[in-house]
Ligand code: PSU
Ligand code: MN
């Protein structure tokens, strides 16, 4: 299996020398953000990780190769082409056997990054329990429940049923830290009204909790939730309106499965005049920086 994972030299050298590495996902590039902001953001996230003293490892699938540390050309391919598949954990074997080009979600990025030996992963918002009539639970959740890794995010995406998502994580023993905050962030907003398990104020505190988890052989992820920077937060009233409209649209058009999250994100960006898009990019950048600072304290 390890031969199926192609770890590029810069990342492999860092892992061997125990220097800090931060994994980044590619679904946000291919399906989460519009062009051209998607490519710009992917490049910017890598720069931010480097500036903060860690090595970025953007993960994706090129011609069936699970790749840890995509090159600039490979990132561009995932950003530009319209036929890039969204690969969750269940699709990894299909992508390998059929030599697909694919973008990896939080679930599949976590799966691959852990097997490559990476301990810290930064993303925007994780998937979770969807609202609506179908019981639709993102594969991100079970993957977090069975992978010992630090995942830095701004909570679960606001399109989801946040209380149900929070309950799911509690049931499956995923510890949720609030990074310099006292409640669970709600993606484009700083506030959800939902509890975290503990507040932390420094990367050292995150590292010490992760070390305790490792010593105890706890198999689940440590979720570090970071609020969107205040100046980029979308005001609650504005958000509520675009969110309700996007959810109704999805229901009418019958959008389900892996197409649902990308549909809702793009609808909200369009209807908010780009406000949700700016918030999404700001929180992604901030999370990449926090993740790099944590990675420097985790060995
Ligand atoms: N965070 C963002 N934008 C995104 C995603 C996360 O800021 O597009 C992606 C992640 O890859 C996550 C996926 O795993 O959305 C969830 O999709 P689904 O609900 O279909 O599992
Ligand atoms: Mn789903």
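Each of 45, 77 has some number of other Cβ atoms within 10 Å of its Cβ, and from fewest to most they run 77, 45.
Only counting other Cβ atoms within 10 Å, I'd like 231, 86, 253 sorted with the fewest neighbours first.
Working: 231 8, 86 20, 253 11.
So the residues, fewest neighbours to most, are 231, 253, 86.
Computed over all pairs of different Cα atoms, the Kirkwood value for the hydrodynamic radius of the stretch 74-193 is 15.4 Å. Note on the chain: antiparallel DSSP beta bridges, both residues inside, total approximately 25 percent of the bridges counted.
Given 0.36 nm per residue, what is the gain on full extension from residue 50 to residue 72 after removing their alpha carbon distance, in nm?
6.5 nm
From the Kirkwood radius over Cα pairs of the stretch 174-297, Stokes-Einstein at 20 °C and 1.002 mPa s returns a whole-number translational diffusion coefficient of 134 µm²/s.
Computed extension gain for residue 8 through residue 230, at 0.36 nm per residue and net of the alpha carbon distance, reaches 76.3 nm. For the peptides 111-118, 241-248, residues were scored by their other Cβ atoms within 10 Å and the scores averaged per peptide; the highest-first order is 111-118, 241-248. What is the stretch 181-299's relative contact order, in percent, from Cα pairs under 8 angstrom and six or more apart in sequence? Normalised by residue count, the contact order of the stretch 181-299 is 33 percent. Neighbour counting of Cβ atoms within 10 Å sorts the residues 138, 133, fewest neighbours leading, into 133, 138. Just need log10 I(q)/I(0) for the chain at q = 0.08, 0.11, 0.13 Å⁻¹, Debye formula, equal scatterers on the alpha-carbon atoms, no solvent, rounded to two decimals. Debye intensities relative to I(0), on a log10 scale: -0.30, -0.58, -0.84. Between the stretch 203-246 and the stretch 57-117, the alpha-carbon centres lie 24 Å apart. Summary value for the stretch 1-82: 39 percent relative contact order, contacts being C-alpha pairs under 8 angstrom separated by 6+ residues. Expressed to the nearest 5 percent, the antiparallel share of DSSP beta bridges inside the stretch 170-271 is 10 percent. Annotation: peptides 190-199, 48-57, 209-218, 255-264, ranked by per-residue average of other Cβ atoms within 10 Å with the highest first, follow the order 48-57, 255-264, 190-199, 209-218.
Values in this text are rule-based calculations from the coordinates and carry no lab data. On a predicted model such as this, the values are computed, not experimentally measured, just so you know. Don't worry about glycine lacking a Cβ; one is built from the backbone with ideal geometry, like all the others, and counts go over all protein chains shown.
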